[in-house]
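The values are calculated or read from the model by the stated rules, or taken from the named source; none is laboratory data. These numbers come from a predicted model, not from an experiment. Cβ placement follows ideal geometry from the backbone for every residue including glycine, while neighbour counts extend to all protein chains displayed. Quick note on the areas: whole protein, heavy atoms, side chains included, nothing else; ligands and nucleic acids left out. Shrake-Rupley method; radii C 1.70, N 1.55, O 1.52, S 1.80 Å.
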Amino acid sequence: MTTAPRHPVPDHIPEHLREAFATAKGRQVPAHCPYQSGDAVQLHGYPGHPDPGHRRTGFRGWVVGCVGATILTGITTTGEEWWQEWGDLNPDGLPVNMWDHCTCCRDERRDLLRAFHAKQHARGQQLDFLESTP
């Protein structure tokens, strides 16, 4: 019986996700890839996307390996395994785009919009159509 290869687990991976990281599918990430094993990434999800799953919900997680020429594998912060084209991923930790409509950053965007409107109001500027945004 052949056992699947285990990936070395970086120190920054939480203890409860170490086994998921070590056993995720994929081989070593090539040097020319913009992400390497252990890098924190994010995939933004959009409610109307035709592909169900992560394309609609988005995720944050870590790169583990590579399959094919440009497809990375990894785990989410909840321990799910994912496979995505590396061009669809963003480094995690980038500022939230206040005007984007992704489902995964909704709460952060709502807080940013509230702060934006409070700042406009404090300056005596006319509030725009986003005033009623929850």
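Express the relative contact order of the range 1-86 as a whole percentage, based on alpha carbon pairs under 8 Å and six or more residues apart in sequence. This gives 26 percent for the range 1-86. For the options Leu112, Leu43, Leu72, a Gaussian network treatment of the chain with springs between C-alpha atoms closer than 10 Å singles out Leu112 as fluctuating the most.
The candidate values are (1) 14.2, 44; (2) 18.6, 72; (3) 17.3, 58; the one derived from this structure for Rg and Dmax of the Cα atoms in Å carries the label (2). For the residues His101, His12, a 1.4 Å probe over the protein chains yields an accessible-area ranking, largest first, of His101, His12.
Carbon and sulfur atoms: what percent of the 1.4 Å accessible area of the chain do they account for?
Numbers: 4610 of 8390 Å².
Heavy-atom surface of the chain belonging to carbon and sulfur, 1.4 Å probe: 55 percent.
Applying the Karplus relation 6.51 cos²θ - 1.76 cosθ + 1.60 with θ = phi - 60° to the range 77-94 yields 3J(HN,Hα) values of 5, 9, x, 6, 7, 9, 9, 8, 4, 5, x, 8, 8, 10, x, 6, x, 5 Hz, where x marks Gly and Pro.
Rounded to the nearest 20 debye, the dipole size of the chain about its Cα centre is 80 debye, using +1 on the Cβ of Lys and Arg and -1 on the Cβ of Asp and Glu.
Solvent-accessible surface of the range 1-102, averaged per residue with a 1.4 angstrom probe and all protein chains in place: 58 square angstrom.
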